[in-house]
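The values are calculated or read from the model by the stated rules, or taken from the named source; none is laboratory data. Keep in mind that what you see is a predicted model, and the values were worked out from it rather than measured. Every residue, glycine as well, gets a Cβ built from its backbone with ideal geometry; the counts of neighbours run over all protein chains shown.
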């Protein structure tokens, strides 16, 4: 008899709104406390101290519009946040400051989360949905210069981009972009040429979320259906469906592979978090705590593997923190 | 020796020829008769006739040489020898030598072809069938057959009859390869093509005749269908054009009577053939498309249709040539074996590598049994709520949840169910699928079974009365039968998990000491076991769960009402007429109920009634019904105790036995006959069983085990007893 699934290690309450975005910043040295950023529907970004399990700061910069994405740039002092007010803000949090340093107006009205990739010291690329419905724009940060605009061929009918993932094979190679579209396809873009390298129809419904493992050249995507699709990228830069996995209930809002590529977690519309082994997509656990749709899952970046955490934010205003499969 | 005989015979008088002929053909028999078992190996038929074949080839060689030399000569004696050998049943031996040689020789030489044609033509009419059959079976392909036989079928009436009528319409035991040879042969010459069309028309006539569909065995129908498909594959566009109208009419009729049949196999044959015909006659228009299970048989039939005439010459090697070709084929097969082997190892290594990858995947999963489908609405908790939802609710989610939850609810609350059981049964019987639920029919059926088992008597009365009432669909009537059978089966099984545990639990509570005493006994047993050496163990005795047979008190309510009204047709339901499919189901249901009623009190009365019922229907035209009747009889024999059978039902038994004898002889349906053989033995065996019981006063096992063990166990014992007796005899 398998052991019953664990309970959450602790639960963070008090956002008083549905949680849409989570990001850990736990990699710092000893005096720094581990931090979790959460973005919620009321436009606030909460900075949680994971030692005291209390909110340290609440950042209000999106005019009470929902925050759908938070990400740090080099440590916890620089924070990027994307809100439904069509702005992406860069926060300066060093030495207790809480000011917006800079912001980008996206002109996009969709729900597509941005994707950030560090290409060199002090140089980032950020992909975001652009003004035209089916376009993706890639900016260089912090200069905010546009690198390219990725526009599907006329007549491709991909619909809006739903999720983005910027990645590169190694530090000095070409950055590439994977994007999931409304029509259920996943597209691999070459940024320098602005061209489609490969397109894969892996879902019947819009792709809600995807994540990619550049070491194994294998990715996973979820949609509003009951199916998780695992696909791989071969040497000819072609995407192929590897396997599919059937879920009990339909709807996946977020997928994250743990940085060590051992396990992955999905956030389900059925209020449950599912944990799988990444190698063969072996189902490992179904974490049933939330009472409403889970919107996002995130793994922490602790240096010590045994401290690693999994966080999930839900529509029921709570953030559940789990310690699962930390020994491997 | 043979050459001399034949040289002489060519000019000799008729009597001498006849004597020689008889002598040549019967030589092995005569030699063995006179030598009385010390027969030299050469004169064994399996050695002698190939030798004779080789001799014939030699003679033919000489004839061909003399023909080339310009002199005329007659071949009729050789033909007669061939004919007589064939009619004596030695086609296999002689033709296995002749056919390959002749096929070789006729390949390019037209004189040899002429000789060969003459050889077959000169066979006297009375032996023609055997010779032609031999050639058709042995020829490796239609083109070879065509070279060997020439236009025999056009010239010779007997051969024509044999080929077009006898092989196709009157007999049905030949393999597909033979059919392909035969029809391919017909299609290879323009003169013969007219025959091919004629054959097709005759085949279609048989195929579309409803009496043929009803009365001929399934094997023959399959044979005819195959022949039709092969014919169609050989027909060309203009030929089809010329007989399109006829094809269409016979297709329409054929589909009708095939779909009418109660045997699924026949229905499917009809569908496949009709689809093929329609695709042939409407190359551009819409074609028929049926839904049927696509299995090997269907694929095989369809492959007959697409086969081009030239291809069918290649694969049809008759059995005996296979030995010769086996050597040639061996490297091929071994190669393919090797390939598959390497492929297999490859796969294995793939798996291994996967396993290796997986081996460090030491993440142990947590329990995921709670991961169930999320339901929007909660299922009702009370039976009365269910009734409300099922009858009036517009909320489809709620309705769905109710349908899914109903079975477990009924089983959990038997008392509450009994209050409303008949009403619930009525609702379930009329329940239609409102939304698309997976496995709706099964859910409904399980709920019905649950209701029936919880409150058997009133619900069974209700259901059986509804079976013969107005305004039900055939589907609903068959549902009733299925539910009765499933519930009867459930009731007649001893409850292992249900009642018995309930009985035991209070015991444990009352006597807490018993628990520890059990432990004590266990420990002692263990100790004894560990210190005892056993050299042989008897068969371990499995304790069969026992409990009262709940079916005992209610069997009659399930059974008798179904027998009452079968011969009274209603305006919408006529069991003895059109609705013979339901009748077949009814008969099978009765057989199962009878079988399950073993060891019940009512079983003798049930058996008697069932025998009468069977007697009334024994000449039914539908073979599905007849099969059901046979299983009725066998379950009567199995269920009714032997004494009762002997005392109360002797007359019925004797009548049945004579009928069974008839069935074994005459029934056109192969399944019926086969079944019958076993059952006939069973009756004979049963009689012997009576004898034994009467003589030695052994208690019948069924009586000894009365109502406590499972019916299955008892039946196994009866079977072994009966069959054992029979075979001893």
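It is to be established whether one or more residues within the stretch A:307-320 are at pLDDT 90 or above, assigned to a loop (DSSP other than H, G, I, E, B), buried (at least 16 other Cβ atoms within 10 Å of the Cβ) and within 13 Å of another protein chain (Cβ to nearest Cβ). Checked the stretch A:307-320: no residue is at pLDDT 90 or above, assigned to a loop (DSSP other than H, G, I, E, B), buried (at least 16 other Cβ atoms within 10 Å of the Cβ) and within 13 Å of another protein chain (Cβ to nearest Cβ).
Quick grid of which residues meet (1) assigned to a loop (DSSP other than H, G, I, E, B); (2) at pLDDT 75 or above:
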site	(1), (2)
B:15	no, no
B:19	no, yes
B:23	no, yes
B:26	no, yes
B:29	no, yes
B:39	yes, no
B:52	no, yes
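Condition check for residue A:245 on (1) more than 20 Å from the chain's Cα centre (by Cα); (2) away from chain B (no Cβ under 14 Å): one failure, at (2).
One line per residue, one yes/no per condition, for (1) under 18 Å from residue B:54 (Cα atoms); (2) within 40 Å of the chain's Cα centre (by Cα); (3) assigned to a helix (DSSP H, G or I); (4) touching a residue at least 12 places away in the same chain (Cβ under 8 Å):
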site: B:71; (1), (2), (3), (4): no, no, no, no
site: B:74; (1), (2), (3), (4): no, no, no, yes
site: B:82; (1), (2), (3), (4): yes, yes, yes, yes
site: B:86; (1), (2), (3), (4): yes, yes, yes, yes
site: B:94; (1), (2), (3), (4): yes, yes, yes, yes
site: B:97; (1), (2), (3), (4): yes, yes, yes, yes
site: B:100; (1), (2), (3), (4): yes, yes, yes, yes
site: B:107; (1), (2), (3), (4): no, no, no, yes
site: B:111; (1), (2), (3), (4): no, no, yes, yes
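Can we say residue B:344 is away from chain A (no Cβ under 14 Å), surrounded by fewer than 16 Cβ atoms within 10 Å (Cβ to Cβ) and modelled with pLDDT of 50 or more? So residue B:344 does not fit the description; no. Flag: residue B:163 does not match the condition of being surrounded by fewer than 18 Cβ atoms within 10 Å (Cβ to Cβ), touching a helix residue (DSSP H, G or I) at 6+ places or on another chain (Cβ under 7 Å) and at pLDDT below 80. Filtering the stretch A:201-216 to residues that are more than 16 Å from residue A:163 (Cβ to Cβ) and either surrounded by 20 or more Cβ atoms within 10 Å (Cβ to Cβ) or without any contact (Cβ under 8 Å) to a residue 40 or more places away in the chain (or both) leaves only A:204. If you filter the stretch B:372-406 down to residues that are assigned to a loop (DSSP other than H, G, I, E, B) and crowded, with 18+ Cβ neighbours inside 10 Å, you find that the one that is farthest from the other protein chains (Cβ to nearest Cβ) is B:380. Checked against the criterion of being modelled with pLDDT of 85 or more and not in a helix (DSSP H, G or I), the stretch B:620-627 has no qualifying residue. All conditions but one from (1) assigned to a helix (DSSP H, G or I); (2) over 28 Å from the mean Cα position of the chain (by Cα); (3) modelled with pLDDT of 80 or more apply to residue B:591; the one that does not is (2).
Looking for something touching a strand residue (DSSP E or B) at 6+ places or on another chain (Cβ under 9 Å), buried (at least 22 other Cβ atoms within 10 Å of the Cβ), away from chain B (no Cβ under 14 Å) and assigned to a loop (DSSP other than H, G, I, E, B) - is there at least one such residue anywhere in the stretch A:227-238? For the stretch A:227-238, residues touching a strand residue (DSSP E or B) at 6+ places or on another chain (Cβ under 9 Å), buried (at least 22 other Cβ atoms within 10 Å of the Cβ), away from chain B (no Cβ under 14 Å) and assigned to a loop (DSSP other than H, G, I, E, B): absent. Scanning the stretch B:161-176 for residues that are without any contact (Cβ under 8 Å) to a residue 60 or more places away in the chain and assigned to a helix (DSSP H, G or I) gives B:161, B:162, B:163, B:164, B:165, B:166, B:167, B:168, B:169, B:170.
Taken over the stretch A:249-264, residues that are buried (at least 16 other Cβ atoms within 10 Å of the Cβ) and within 13 Å of chain B (Cβ to nearest Cβ) amount to 7. Among the residues of the stretch A:265-300, the ones that are more than 11 Å from every other protein chain (Cβ to nearest Cβ) and surrounded by fewer than 18 Cβ atoms within 10 Å (Cβ to Cβ) come to 2 in all. Hey, any hits in the stretch A:6-13 for a residue that's within 14 Å of another protein chain (Cβ to nearest Cβ), in contact with a strand residue (DSSP E or B) (Cβ under 8 Å, 6 or more places away or on another chain), within 22 Å of residue A:304 (Cβ to Cβ) and touching a residue at least 24 places away in the same chain (Cβ under 8 Å)? Among the residues of the stretch A:6-13, at least one is within 14 Å of another protein chain (Cβ to nearest Cβ), in contact with a strand residue (DSSP E or B) (Cβ under 8 Å, 6 or more places away or on another chain), within 22 Å of residue A:304 (Cβ to Cβ) and touching a residue at least 24 places away in the same chain (Cβ under 8 Å), which makes the answer yes.
Against the list (1) more than 21 Å from residue A:39 (Cβ to Cβ); (2) within 14 Å of another protein chain (Cβ to nearest Cβ), the condition residue A:303 fails is (2).
The rows are residues; the columns are (1) closer than 19 Å to residue B:627 by Cβ; (2) without any contact (Cβ under 8 Å) to a residue 24 or more places away in the chain; (3) assigned to a helix (DSSP H, G or I).
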site	(1), (2), (3)
B:203	no, no, yes
B:206	no, no, yes
B:213	yes, no, yes
B:221	yes, no, yes
B:225	no, no, yes
B:229	no, no, yes
B:232	no, no, yes
B:241	no, yes, yes
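On inspection, residue B:115 qualifies as in contact with a helix residue (DSSP H, G or I) (Cβ under 8 Å, 6 or more places away or on another chain) and modelled with pLDDT of 80 or more. Among the residues of the stretch A:14-37, those identified as assigned to a loop (DSSP other than H, G, I, E, B) and either closer than 25 Å to residue A:315 by Cα or free of Cβ contacts under 8 Å to residues at least 12 places away in the same chain (or both) are A:14, A:15, A:16, A:17, A:18, A:26, A:29, A:30, A:31, A:34. Residue B:560 passes every criterion in (1) farther than 28 Å from residue B:605 by Cβ; (2) modelled with pLDDT of 75 or more apart from (1).
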